[in-house]
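The values are calculated or read from the model by the stated rules, or taken from the named source; none is laboratory data. Every value quoted in this text rests on a predicted model; they were computed, and no experiment measured them. Note: ideal-geometry Cβ built from the backbone for every residue, glycine included; neighbour counts use all protein chains shown. To get the accessible areas, we keep the full protein, side chains included, count just its heavy atoms, and leave off ligands, DNA and RNA. Shrake-Rupley method; radii C 1.70, N 1.55, O 1.52, S 1.80 Å.
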Amino acid sequence: MKEVAFFFALIATAARGFVALQSSPQSRLQAATLESPSEQRGDLTGAIPDCPETVWNFENLDVKAEQKKVSVPAECPVEWQAPTGTEGPEYFAAQRDAIMEKLLAHGCVWLRGFDLTKREGGFRSMYEALRLDPCLDPIHTSGLRAFASQSDAIYEEVNKESLSQHYIGLHQESTHKKTAKYGAFVCFKPATVKGGEFLIADAAKIFRDLDPGVAQRFYDRQIRISVSNLDMDFLAAAGPLREPLMDGAKNLIDKLVAPKFDMDLEMIYGADGKPMRLQAIEMTASPINRHPVTGVPLWFCNIHNHARYLRDRRPCNVPEVGMTEVFFGDLSPIPADDLDHINKVSEANIAHIPMQPGDVLLCDNYRVLHGRDIFEGDRYHAVTWFGGTVDDREQDLDTSNSKPGDFLNKAINKFLVDSF
Ligand SMILES: [Fe+2]
């Protein structure tokens, strides 16, 4: 089964959101000592439910008319300053309704100046006081997502030094299949030299600001995202066996590997013009989607991060196997002019957030896109994803999202650590 593990590694190294391999534990422990043993808080290892299904609601949209109707508050994020800095979980419990109201209106609340959230345990007590319900990352089963503190459902962000010079463009933490409802991004340590600012953009404003012709074209044609390139050129020399071997490789990955990612991937040769390149491509998706609560149309599209044309024009050190691409829904290429326009509108809406220790960006993952600037030095930011609130879960008897998918993640992380 070594070949299968190899392909796992290839795709795992490649899949979108790309690489978040194991971080160096010693620096993490120096940066954030747990406030209390995890057993006192309850160990969430193995008990975190899967990320919920993506809520799609995009049909029958009058794009131009809806663009004109967008009316959202200017501030994104809206700041929430700690009164003294010494507030504990009870403060967040008391302010919960007000914070959640601001989150719904603005899409992102920047909690500033709290000592409580400077440590993993305090961060967890904050989100528990807000009655937020942790879930696994949408691509958790790929093995790409390493925990900073699994017992607290806290994932490491992309802090790895080898990826520090890789700019992470705007995206929602979403696949065609799964989307976290909320995310809480926390800074335990800013980059020690420079950079590493967190990026936030209001998806309602990006939708509003797009040229109506571009927005309509993308809405009509939809998109597909390729998350991995497997170059099978070595099969070209196989003579008459070439075609059967190509089919065999495709079937092997399609049947044994792709399902593990739980992303509805289709294996396709030659989509980007290279006949021996096998790409793992997500299903057709609408780049515009209504918010599941407010119904506001949103730019629900990871193209700013995933379009190869844009990645080629900014700091990017993802290996070819992990280079992503975005096509129109019929797999035809997207014109550079459209990508330039989307890039311009996206960047005009980016807020650069210089997070300090303890700062939390509480995000509505449908409403805002996020990214991360390049940095130098050591950096420790982390995130917890939420499928909703505890109240949502208690009212929902559907257990379809309750199956932990952690076994594969653990296995692949181990494989990656052992192999690279
Ligand atoms: Fe992300």
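Table: residues versus (1) under 30 Å from residue 77 (Cβ atoms); (2) touching a Cys at 6+ places or on another chain (Cβ under 8 Å); (3) β-branched (Val, Ile, Thr).
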residue: 202; (1), (2), (3): yes, yes, no
residue: 212; (1), (2), (3): yes, no, no
residue: 223; (1), (2), (3): yes, yes, yes
residue: 230; (1), (2), (3): no, no, no
residue: 238; (1), (2), (3): no, no, no
residue: 242; (1), (2), (3): no, no, no
residue: 247; (1), (2), (3): no, no, no
residue: 256; (1), (2), (3): no, no, no
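Of everything in the stretch 290-302, what is touching a His at 6+ places or on another chain (Cβ under 8 Å) and in a loop (DSSP other than H, G, I, E, B)? Give them in sequence order. Correct list: 302 only. For residue 289, the requirement of being surrounded by 16 or more Cβ atoms within 10 Å (Cβ to Cβ) and touching a Cys at 6+ places or on another chain (Cβ under 9 Å) is met.
Checked against (1) open to solvent by 30 Å² or more (accessible area, probe 1.4 Å); (2) within 16 Å of the ligand (Cβ to nearest atom); (3) of a type in the set (Asp, Glu), residue 173 passes all but condition (1). Note on the stretch 178-193: residues that are charged (D, E, K, R) and either in a strand (DSSP E or B) or away from the ligand (no atom under 16 Å from the Cβ) (or both) total 2.
Sort through 99, 154, 168, 139 and tell me the only one that's within 15 Å of the ligand (Cβ to nearest atom), out of contact with any Gly (no Cβ under 7 Å at 6 or more places or on another chain) and either among the aliphatic types (A, V, I, L, M) or open to solvent by 20 Å² or more (accessible area, probe 1.4 Å) (or both). Don't jump to the end; show me each part of the working.
Numbers: 99 fails: within 15 Å of the ligand (Cβ to nearest atom); 168 fails: out of contact with any Gly (no Cβ under 7 Å at 6 or more places or on another chain); 139 fails: out of contact with any Gly (no Cβ under 7 Å at 6 or more places or on another chain).
Matching residue, one of 99, 154, 168, 139: 154.
Restricting attention to the stretch 176-196, the residues being open to solvent by 30 Å² or more (accessible area, probe 1.4 Å) and among the aliphatic types (A, V, I, L, M) number 1.
Identify the residue in the stretch 142-151 that is more than 12 Å from the ligand (Cβ to nearest atom) and open to solvent by 20 Å² or more (accessible area, probe 1.4 Å) and, among all such residues, is nearest to residue 191 (Cα to Cα). Going through the qualifying residues, I end up with 148. Scanning the stretch 303-322 for residues that are in a loop (DSSP other than H, G, I, E, B) and open to solvent by less than 10 Å² (accessible area, probe 1.4 Å) returns a single hit, 307.
When the stretch 212-242 is examined, which residues are found to be under 25 Å from residue 274 (Cβ atoms), touching a helix residue (DSSP H, G or I) at 6+ places or on another chain (Cβ under 9 Å) and without any contact (Cβ under 8 Å) to a residue 60 or more places away in the chain?
Filtering the stretch 212-242 down to residues under 25 Å from residue 274 (Cβ atoms) leaves 218, 221-242.
So of that shortlist, the ones also touching a helix residue (DSSP H, G or I) at 6+ places or on another chain (Cβ under 9 Å) come out as 218, 223, 225-232, 235-236, 238, 241-242.
Hits for the stretch 212-242 are 232, 235, 236, 238, 241, 242.
To keep it simple, each residue is scored yes or no on (1) at pLDDT 85 or above; (2) open to solvent by less than 50 Å² (accessible area, probe 1.4 Å); (3) of a type in the set (Ser, Thr, Tyr).
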{"position": "204", "(1), (2), (3)": "yes, yes, no"}
{"position": "227", "(1), (2), (3)": "yes, yes, no"}
{"position": "234", "(1), (2), (3)": "no, no, no"}
{"position": "237", "(1), (2), (3)": "no, no, no"}
{"position": "263", "(1), (2), (3)": "no, yes, no"}
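Scanning the stretch 343-391 for residues that are at pLDDT below 95 and hydroxyl-bearing (Ser, Thr, Tyr) gives a single hit, 389. Annotation: residue 249 fulfils all but one of (1) more than 16 Å from the ligand (Cβ to nearest atom); (2) open to solvent by 40 Å² or more (accessible area, probe 1.4 Å); (3) farther than 30 Å from residue 390 by Cβ; the unmet one is (2). Scanning the stretch 363-390 for residues that are more than 12 Å from the ligand (Cβ to nearest atom) and under 19 Å from residue 300 (Cβ atoms) turns up 364, 366, 367, 386, 387, 388.
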